[in-house]
Amino acid sequence: MRFVETPLQDARIVELEPIGDQRGSFSRAFCQREFEEAGLSPVVAQCNISTNAKKGTLRGMHYQVAPATEAKLVRCIRGAIYDVIIDMRQGSPTYLEHFGIELSDQNRTALWVPPMFAHGFQAISEETEIFYMVNEFYSPGHEKGLRHDDPQFGIEWPLEVTELSDKDRSWPLFDPERAADWA
């Protein structure tokens, strides 16, 4: 695996290094030792799968706060998504900045989402499937969210949003004067 830095501190793109022969190829998608050597927390508490039938479906922007902050390793295993993260760590040099990347079954790239980063994605093809590992258990009492269309962040989604949950639609707009409410 190759760990490629992103513009956001501590977030990484994780690229596969396939070894191929006449049968096809082999790639290591996760290795605790390699993640530790890259300075990332390789604990896995849950593995989740998200499917989306329709192109344009958007999920996010979600994160969990202390004491249940969670890091994620996100990979699209069918179709393609546009994956976005926002650094919500007060005091971070990249606080409130966002980064987006296409993850697909073709590029086989994954994204390491550090704790206290809001995460969301939009399906940019029909019938997508996303597999992600999380280092903390889901804790509804510690869940926070941001609006996908919040002007504070100015995220440019590649497609019109066609499907969005009521929960994701109802997150409040971010107010810098009340930043502690989001931490």
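What follows draws every value from the coordinates through simple rules; no lab data is involved. Quick caveat: nothing in here was measured; it's all calculated off a predicted structure. Cβ placement follows ideal geometry from the backbone for every residue including glycine, while neighbour counts extend to all protein chains displayed.
What is the order of 162, 109, fewest Cβ neighbours within 10 Å to most?
162, 109
Among 13, 81, which comes first, second and so on when ranked by fewest other beta-carbon atoms within 10 Å?
On the way: 13 17, 81 29.
Ranking 13, 81 by Cβ neighbours within 10 Å, fewest first, gives 13, 81.
Give, as a single signed number, the net charge of other residues whose beta carbon lies under 15 Å from the beta carbon of residue 169, with Lys and Arg counted +1 and Asp and Glu -1.
Values: positive: 59, 147, 167; negative: 149, 150, 160, 163, 166, 168.
Every neighbour counted, the sum reads -3.
When P(r) over Cα pairs in 10 Å bins from 0, in percent is calculated directly from the model, which label among (1) 9, 37, 38, 13, 2, 0; (2) 8, 23, 19, 18, 15, 8, 5, 2, 1, 0; (3) 9, 26, 21, 13, 10, 11, 7, 4, 0 fits?
Comparing each candidate, only (1) matches the computed number.
So what is the calculated 222 nm ellipticity per residue for the chain, using -39500 (n - 2.57) for each DSSP H run with n of 4 or more, over all residues, to the nearest 500 deg cm²/dmol?
Here the helix-only value at 222 nm equals -1000 deg cm²/dmol.
Suppose R0 equals 41 Å. What FRET efficiency, 1/(1 + (r/R0)^6) with r the Cβ-Cβ distance, do residue 126 and residue 26 give to the nearest 0.05?
Efficiency for this residue pair is about 0.90.
Report the label-to-label distance for residue 9 and residue 46 in nanometres (one decimal), using points 7 Å from each Cα along the Cα→Cβ vector.
2.8 nm
Got a sec? How would 55, 167, 144 order by Cβ neighbour count within 10 Å, fewest to most?
By the 10 Å Cβ count, ascending: 167, 144, 55.
Sum up the charges of everything whose Cβ sits under 12 Å from the Cβ of residue 55, counting Lys and Arg as +1 and Asp and Glu as -1, but leave residue 55 out.
Residues close to residue 55 contribute a combined charge of -3.
What does the charge count around residue 27 come to, taking other residues whose C-beta lies under 10 Å from its C-beta (Lys +1, Arg +1, Asp -1, Glu -1)?
Computed value for this residue: 0.
Roughly how many debye, to the nearest 20, is the charge dipole of segment 49-183 about its Cα centre, given +1 on each Lys and Arg Cβ, -1 on each Asp and Glu Cβ, and no other charges?
280 debye
Label points 7 Å out from Cα along the Cβ direction at residue 173 and residue 77: separation in nm?
4.0 nm
Which loop-located trypsin sites (Lys or Arg not before Pro) does segment 1-45 contain, where loop means any DSSP state but H, G, I, E or B and the Cβ has at most 14 other Cβ atoms within 10 Å?
23, 28
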